[in-house]
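Taking it in order: structure first as structure tokens, then the write-up.
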């Protein structure tokens, strides 16, 4: 709890700084925009959080979103059915997640290598599939999912809230969630306590993929277009959100609320950079530095905790 | 070494221990597990600092600040876990960190290195290509490489820790030849082993430690096996921790038949009945933990059967736990607990699917179960939320037991249940074990403390060399009988 | 060296398939083509072998190559001499290598995260400095060097082969080379032997950075320009080549010769797919599949085959 409070304080500080240094930060439009963008990042990062909790990682989420969005969009346009397209995106995303899980549990590949390989494979397939084309023009009803408002609040925020709730329920009120934490905290102890390791790992990677599929559909609605490279800039912010939120790369510690706060923090930083007219090319750099700092804090925290034994 | 004392938190490992070794002498260091041998050796090689006492080499008092100091003085230790780098070759391993320099700065004179390595191996009688990678060597060969490594540092005092534990008879003979050659060249050898018959083969003198103190130092020729066993055990203490031993055991809960596992266990046969505490005794390396893990399904069974209540127990820990078996591992911190999680989380983890079969975790019910367990086992913790890493050893062990209690286990395999636990907590653990079997459960207890086995168990099996070599009924269960079975080489 | 046979068969099989189905594959000109295309990759895969042997990873290589290329092109465009511009490019690579080493060894940050972070930083710097545009006008010296053919062999192949022999010598004949396997296989014995393992460990990452700078030289020479995303993804090919070549992530197992075979295999695969007119985007996917196949062979099929062999 204490750690979350520190992070909320950081958000407050950043927000305050931006309100002072720019005139457009503290406007309703901007705040809602920030919340909307954070929701999109959160949707991707939520499934990713589960894999990190098991001391694993899913580096393929961004590419997964990209390909799933392209597939969903293509199906939507060629069949004229939004539902079919959305379902395609979801199922495909989950399928990729299942494949990742199998690589980790059956082939025993280290998660970062397996998902890294998947990342590049998906990238390649996306470029081949789209071939430089762009699809755009989707029905307004569908677009509302990404760009619309309901009761004055952007729709994605409701999704964020819904999945925050679902994720919190999963991690705290299901036995599966508890077992996920146990696996991350000490895998061998969990195994010797009768926790079905492979089943749970398959589950978290499948969920990570499914959330990527869901995020893909929402992104499609938001951007109203899809092309081969939409997934590329998504992985690093998702990882950053998870790490900033306090979930440890070493497993067993973390929360979805933390990831949400992490997503908010990162979006605030990027938003601030945009408002301060800093070139967008600086963003990957800043995100990279933030990731390193967040991991460093993670390492230090762990070292300090272990020193007390 | 003179008057060496060393204390660790909670335990006095050594109390004014002295050890005198002459050049060209093979000096056996004997003692039960926990008698202080390892600590003494670690002090000798510079890994630990003694609280008092001093070390004299060639009559000159020295202060060993680090392993490097020890090495410079010619002290080399060959531990049981070898320190070779798997994908470097033999010569590279021997000269790691001391490679002969080549012409260009930073290069190695590989020809000289291999030639020197060849010479060392020849002196030790090992015909092996120096370009062989370490991971391709057999255990016996690795050992020779380790000896060569020590010799290459001009070792004058060589400590060997359980050198024959993993060797075949033939390889043991070769080792003895090498040791005799070392003797002849003036090297002093400190030899730790539980195989008393080896003393007659190569020993010159023997020192016995018990409970961190010197008990005796005598010539090898003057020592008989019986006398040495007696010295190691000391005064026989007739205490029992059980208020009532099992008169009429119930049905057979566990039946293990001719079990072979890929961790080395061979031809193991035993049975445990309801209401019994069955001991599994033996020396370090005899295979007890391996047998426990094979029964539990943590390691793979190759041949033979494990029947639990008449049904085959297969499918790994998941099935074992579901069937009602619980394992309290030897290394509770690494394998039994998630230190970064709370008492509550640790206590519940094995019982989650029993308590909440639908998958929905109800916090109120969970808390009730946890508080009940804490009360029953008298776990000293300010709250269930306390992280387990802050608990004392005894309470951590109770959390592990509590985990199986909550999971509803009826058969408990406990591996070294009271290791690293203070006396008061030990008594509580025994009380808990007694309660378990009084309720009709069964316990298989692994212990290296002979007194504990005798005091707590209804009967005991003894293991040696990864197989079961004997069974002792209640009336036959004495420390000396266990030790004799555990050590005698047929 | 034991795993080379398996991968070698794979390479031969690929070559046979492409020769059969692709017209123009099995020619000397095409062979040289493969060699030239693969040379940059080899420059990256050789140090990556050492990194992976030490149980590490360097995801930043592609981005660092791009950045070094941009620096090189910019300096050349501003009239600097080739030697000094090259030194600067290599310096950039070394600096990032040092940063990686400090993060991984000094701070204890897991390698893939640390290098993922430096990837972002290198990428960011390259993008900011160029605004996303190519840097042209590098003059004639570098392209001429690249196009030259010492002894009739294309310059890039000469450099690649030279690099291989330098690495091989380093690996077998220097202390550093031996310690790389020790860091991955049994770091404690190295420390117990009194060696400053940290210094050598950081050195592995610095070497990777330096080689990234050298690779930038070749790449910029080939393209006659520097582009901020020129080498994106090359680290993936390098990692794939190393894994296909039999180096593993644990215990310090590795083989430079295997990496060469891995690089050639990937080069053959890409070239063959080109000849068969498979789109380049699918080529990336196929490399991913190739890596997985190689890993499956190493972790599943080989132990099974060994067990069969032993029981026979």
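Considering only residues that are more than 14 Å from chain C (Cβ to nearest Cβ) and under 23 Å from residue B:98 (Cβ atoms), look in the range B:44-57 and name the one that is surrounded by the fewest Cβ atoms within 10 Å (Cβ to Cβ). I'd like the intermediate steps shown before the answer.
Residues of the range B:44-57 more than 14 Å from chain C (Cβ to nearest Cβ): B:44, B:48-57.
Of the ones still in play, those that are also under 23 Å from residue B:98 (Cβ atoms) are B:44, B:57.
On the way: B:44: 22, B:57: 15.
Step by step, filter the range B:44-57, then rank; the result is B:57.
Taking the range C:225-254 as the search range and keeping residues that are surrounded by 22 or more Cβ atoms within 10 Å (Cβ to Cβ), within 11 Å of another protein chain (Cβ to nearest Cβ) and part of a loop (DSSP other than H, G, I, E, B), which one is modelled with the highest pLDDT?
By that ranking, first place goes to C:228.
Checking residue B:66 against (1) within 10 Å of chain C (Cβ to nearest Cβ); (2) closer than 28 Å to residue B:137 by Cβ, which single condition isn't satisfied?
Result: residue B:66 fails condition (2) only.
Could you tell me whether any residue of the range A:297-307 is more than 7 Å from chain C (Cβ to nearest Cβ), outside any helix (DSSP H, G or I) and farther than 29 Å from residue C:127 by Cα?
no
Please find, among A:50, A:43, A:57, the residue that is touching a residue at least 40 places away in the same chain (Cβ under 8 Å), assigned to a loop (DSSP other than H, G, I, E, B), more than 25 Å from residue C:273 (Cα to Cα) and under 17 Å from the mean Cα position of the chain (by Cα).
Numbers: A:50 fails: assigned to a loop (DSSP other than H, G, I, E, B); A:43 fails: assigned to a loop (DSSP other than H, G, I, E, B).
Testing whether each residue is touching a residue at least 40 places away in the same chain (Cβ under 8 Å), assigned to a loop (DSSP other than H, G, I, E, B), more than 25 Å from residue C:273 (Cα to Cα) and under 17 Å from the mean Cα position of the chain (by Cα) leaves just A:57.
(1) more than 10 Å from chain A (Cβ to nearest Cβ); (2) surrounded by 19 or more Cβ atoms within 10 Å (Cβ to Cβ); (3) more than 23 Å from the chain's Cα centre (by Cα): which one isn't true of residue B:321, the others all being true?
With (1) more than 10 Å from chain A (Cβ to nearest Cβ); (2) surrounded by 19 or more Cβ atoms within 10 Å (Cβ to Cβ); (3) more than 23 Å from the chain's Cα centre (by Cα) applied to residue B:321, the lone miss is (1).
Taking the range B:324-345 as the region of interest, how many residues are closer than 21 Å to residue B:295 by Cβ and surrounded by fewer than 23 Cβ atoms within 10 Å (Cβ to Cβ)?
The qualifying residues number 5.
Filter the range B:469-484 down to the residues that are in contact with a helix residue (DSSP H, G or I) (Cβ under 8 Å, 6 or more places away or on another chain) and not in a helix (DSSP H, G or I) and list them by number. Give the derivation first.
Going through the range B:469-484, the residues in contact with a helix residue (DSSP H, G or I) (Cβ under 8 Å, 6 or more places away or on another chain) turn out to be B:469-470, B:472, B:477-480, B:482-484.
Within the range B:469-484, B:469, B:470, B:472, B:477, B:478 qualify.
Take the residues in the range B:69-96 that are farther than 24 Å from residue C:54 by Cβ and in a loop (DSSP other than H, G, I, E, B), then tell me which one is nearest to the other protein chains (Cβ to nearest Cβ).
Within the range B:69-96, the subset farther than 24 Å from residue C:54 by Cβ is B:69-80.
This time we only want the ones that are in a loop (DSSP other than H, G, I, E, B), so: B:73-74, B:79-80.
Numbers: B:73: 14, B:74: 15, B:79: 11, B:80: 15 Å.
This residue is B:79.
Determine which member of the set C:24, C:31 is surrounded by fewer than 19 Cβ atoms within 10 Å (Cβ to Cβ) and outside any helix (DSSP H, G or I). Steps first, please.
Numbers: C:31 fails: outside any helix (DSSP H, G or I).
The unique qualifying residue is C:24.
Hey, any hits in the range C:168-190 for a residue that's within 14 Å of another protein chain (Cβ to nearest Cβ), under 30 Å from residue A:293 (Cβ atoms) and touching a strand residue (DSSP E or B) at 6+ places or on another chain (Cβ under 9 Å)?
Within the range C:168-190 (the criterion being within 14 Å of another protein chain (Cβ to nearest Cβ), under 30 Å from residue A:293 (Cβ atoms) and touching a strand residue (DSSP E or B) at 6+ places or on another chain (Cβ under 9 Å)), the answer is no, since none of the residues qualifies.
Evaluate the range C:80-92: report whether one residue or more is within 14 Å of chain A (Cβ to nearest Cβ), surrounded by fewer than 19 Cβ atoms within 10 Å (Cβ to Cβ) and either assigned to a helix (DSSP H, G or I) or over 19 Å from the mean Cα position of the chain (by Cα) (or both).
Pass one, the range C:80-92, residues within 14 Å of chain A (Cβ to nearest Cβ): none.
Taking every residue of the range C:80-92 in turn, none turns out to be within 14 Å of chain A (Cβ to nearest Cβ), surrounded by fewer than 19 Cβ atoms within 10 Å (Cβ to Cβ) and either assigned to a helix (DSSP H, G or I) or over 19 Å from the mean Cα position of the chain (by Cα) (or both).
Hey, can you tell me all the residues within the range B:97-148 that are within 14 Å of another protein chain (Cβ to nearest Cβ) and in a helix (DSSP H, G or I)?
Hits for the range B:97-148 are B:110, B:111, B:112, B:113, B:114, B:117, B:134, B:135, B:136, B:142, B:145, B:146.
Are there any helices (runs of 4 or more DSSP H) wholly within the range B:274-362 with 2 or more residues that are touching a residue at least 40 places away in the same chain (Cβ under 8 Å), and if so which?
On the way: elements: B:288-296, B:316-323, B:343-348, B:352-355.
The qualifying helices (runs of 4 or more DSSP H) are B:288-296, B:343-348, B:352-355.
What number of residues in the range C:270-292 are facing another protein chain (nearest Cβ under 10 Å) and in a helix (DSSP H, G or I)?
Here the count works out to 13.
Suppose we keep only residues that are within 26 Å of the chain's Cα centre (by Cα) and in a loop (DSSP other than H, G, I, E, B) within the range B:405-439. Which one would you say is surrounded by the most Cβ atoms within 10 Å (Cβ to Cβ)?
The residue in question is B:417.
When residues of the range C:112-144 are filtered for being surrounded by fewer than 23 Cβ atoms within 10 Å (Cβ to Cβ) and within 14 Å of chain A (Cβ to nearest Cβ), how many remain?
Adding up the residues that qualify gives 7.
Quick check on my filter: what residues within the range C:191-220 are within 20 Å of residue C:35 (Cα to Cα) and either free of Cβ contacts under 8 Å to residues at least 40 places away in the same chain or surrounded by fewer than 24 Cβ atoms within 10 Å (Cβ to Cβ) (or both)?
Selection gives C:214, C:218.
It is to be established whether one or more residues within the range A:125-133 are assigned to a helix (DSSP H, G or I), touching a helix residue (DSSP H, G or I) at 6+ places or on another chain (Cβ under 9 Å), within 14 Å of another protein chain (Cβ to nearest Cβ) and free of Cβ contacts under 8 Å to residues at least 40 places away in the same chain.
To start, the set of residues in the range A:125-133 that are assigned to a helix (DSSP H, G or I) comprises A:125-130.
When the remaining residues are screened for being touching a helix residue (DSSP H, G or I) at 6+ places or on another chain (Cβ under 9 Å), the result is A:125-130.
The next check asks that each one be within 14 Å of another protein chain (Cβ to nearest Cβ); those that pass are A:125-130.
This time we only want the ones that are free of Cβ contacts under 8 Å to residues at least 40 places away in the same chain, so: A:128.
Yes - at least one qualifying residue is present in the range A:125-133.
Here's the yes/no breakdown for (1) more than 10 Å from chain C (Cβ to nearest Cβ); (2) surrounded by 16 or more Cβ atoms within 10 Å (Cβ to Cβ); (3) more than 18 Å from residue C:114 (Cα to Cα); (4) in contact with a helix residue (DSSP H, G or I) (Cβ under 7 Å, 6 or more places away or on another chain):
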position: A:253; (1), (2), (3), (4): yes, yes, yes, no
position: A:261; (1), (2), (3), (4): yes, yes, yes, yes
position: A:281; (1), (2), (3), (4): no, yes, yes, yes
position: A:292; (1), (2), (3), (4): no, yes, no, yes
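Check every one of the helices (runs of 4 or more DSSP H) wholly within the range A:134-218 and list those with 2 or more residues that are in contact with a helix residue (DSSP H, G or I) (Cβ under 9 Å, 6 or more places away or on another chain), free of Cβ contacts under 8 Å to residues at least 60 places away in the same chain and away from every other protein chain (no Cβ under 14 Å). Give the steps one after another, and end with the answer.
Values: elements: A:140-147, A:155-173, A:175-185, A:187-191.
Ranges flagged: A:155-173.
The values are calculated or read from the model by the stated rules, or taken from the named source; none is laboratory data. Model, not experiment: these values are computed from the prediction. A quick note on method: Cβ atoms are made from the backbone with ideal geometry, for glycine too, and the neighbour counts reach across all protein chains shown.
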